[in-house]
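What follows draws every value from the coordinates through simple rules; no lab data is involved. No experiment lies behind these values; they were computed from the predicted model shown. Note that we place each Cβ from the backbone using ideal geometry, even for glycine, and neighbour counts take in every protein chain shown.
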Amino acid sequence: MTGAVFALMLAQSFEQRGFVENQTLVYPQTAPNDSGYVVNQTLLRWEASYQIAPWLKFSGAIDARTDSHEQTERAWSLDADDRSLKRPAFSLRRSSATLHKGKFTVELGRQFIRWGKADILNPTDRFAPKDYLASVVSSDFLGVTAARATYESGANTIDLVWQPLFTPSRTPLLDQRWTALPSEVQGVPISDNGARYPGGSQYGARFNHVGAGYEASVCFFDGFNNLPLFTATGNISGVAVQRYYPKLRLYGADLAVPLPWFTVKSEGAYFTSSTQGADEYALYVIQLERQVKEWSFVGGYAGEVVTRSTGNPFEFAPDRGFARSFLGHAGWTIDANRSLVLEASVRLHGSVAKMEYSQAFGQHWRATAGVTWIRGSETDFLGQYRRNSYGSLAIRYSF
């Protein structure tokens, strides 16, 4: 084999892409624990894959970032587990090997695992922690280190996951606006004692069936909640706070039924825990979706049923915070270069509405402008962020 032929084969098997994005968030109001009006953040993401053989593929992605609000660490080391309170300056977003043979597919390493069929809230999505640091109402997914085996035969799919290393969702920093402190503790010095991560592994299984006119699945998860509870200890100098992650066992199911005028989707899960101070509850979503030419519409209701309430006030639970809400999404693809998205979540005492317009310029550049409007009472999950309405502008160069 000549060197030119080998280089051609290598080029055909290797793929890469990436982007550099600068995003600016502007807040009209300050918060009691945050006097800033502007946050600027820059992200470089590079993704690559190499098909080394028909049955073996390697995939990887690296993030490099910085910001103006000290939400990102100022260290040069490469982070591989996403357990830091701040975002790492350099992180291994993905690093996995995928093996495929016949009806079996196995992926090993850092990867993204998504379960569920709903679009506006996914109660069964337990292997998908999120980054809530910069915004609770607009978050990004984090990868997990896991082994995933999938068996697909005809209309049936079995998905098995084992996660040996726990990856938490990243919560807002205590001294910034997305940690909404109760009025009783405002002005009290609060120190962050980090997190107490659980030992042991997590595992789950999901069975999916595509039938005549419907698709349904059931799933099971045993592990830990990636959203924390908090312990607060008072002393003469203030309050010390530490995160911990309760045990969690989930039983879930989802269903999608295409009808002539719209598609009905439903997803629900029941959460139990043996950890003292953790609630037991069920989350469910019922939604309708429809595509009309260049428009897509999704609307529905997310509900919650609590079967055991501990009354623990020290909890960060955005998934439950968006429950008991009417949720809606509308997207308009104007043309190949322009799009408009509208989203809203309305609860009894709180609401959030988002509008985002995106336009491409040439092959590499894209600008996205948005407005997020939050209102409600201090006692509501959404309403507690009523000072955090913001406008955003992101400029992205893709390569």
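Placing one equal scatterer on every Cα of region 106-251 and applying the Debye formula, the log10 ratio I(q)/I(0) at q = 0.10, 0.15, 0.16 Å⁻¹ is -0.45, -0.85, -0.93. Charging the Cβ of each Asp and Glu at -1 and of each Lys and Arg at +1, and nothing else, the dipole of the chain about its Cα centre rounds to 380 debye.
Mind ordering 112-120, 67-75, 335-343 by average Cβ neighbours within 10 Å, highest first? Before the final figure, lay out each step's value.
On the way: 112-120: 19.4, 67-75: 15.7, 335-343: 13.8.
Result, highest mean first: 112-120, 67-75, 335-343.
Site pair T333 and A212 shows an inter-label distance of 3.2 nm when each label is modelled 7 Å from Cα along Cα→Cβ. In the chain, a dipole from Cβ-located charges (positive for Lys and Arg, negative for Asp and Glu) runs towards its positive end, and of F314, P258, T98 it is T98 whose Cα lies farthest in that direction.
Please give the net charge around D279, taking every other residue with its beta carbon less than 9 angstrom from that of D279, where Lys and Arg add +1 and Asp and Glu add -1. Before the final figure, lay out the partial values.
Values: positive: R308, R320; negative: E280, E315.
Combined, the nearby Lys, Arg, Asp and Glu give 0.
For region 257-328, place one equal point scatterer on every Cα, skip the solvent, and apply the Debye formula. What is log10 of I(q)/I(0) at q = 0.23 Å⁻¹? Scattering profile of region 257-328, log10 relative to I(0): -1.01.
Considering lysine pairs in region 44-142 that are 8 or more places apart or on different chains, how many have Cα atoms under 19 Å apart? Don't skip to the answer; put the middle values down first.
On the way: K57/K101; K57/K103; K86/K130; K117/K130.
The number of close lysine pairs in region 44-142 is 4.
Helices in the chain, meaning DSSP H runs of at least 4 residues, each add -39500 (n - 2.57). Divided by all residues, the mean residue ellipticity at 222 nm is -1000 deg cm²/dmol. The simple spin-label model puts a point 7 Å past each Cα toward its Cβ; for V106 and S201 those points are separated by 1.2 nm. Residue separation of S35 and V188 scaled by 0.36 nm, minus their Cα-Cα distance, works out to 53.5 nm of gained length. Translational diffusion coefficient of the chain (Stokes-Einstein, Kirkwood radius from Cα pairs, 25 °C, 0.890 mPa s): 107 µm²/s.
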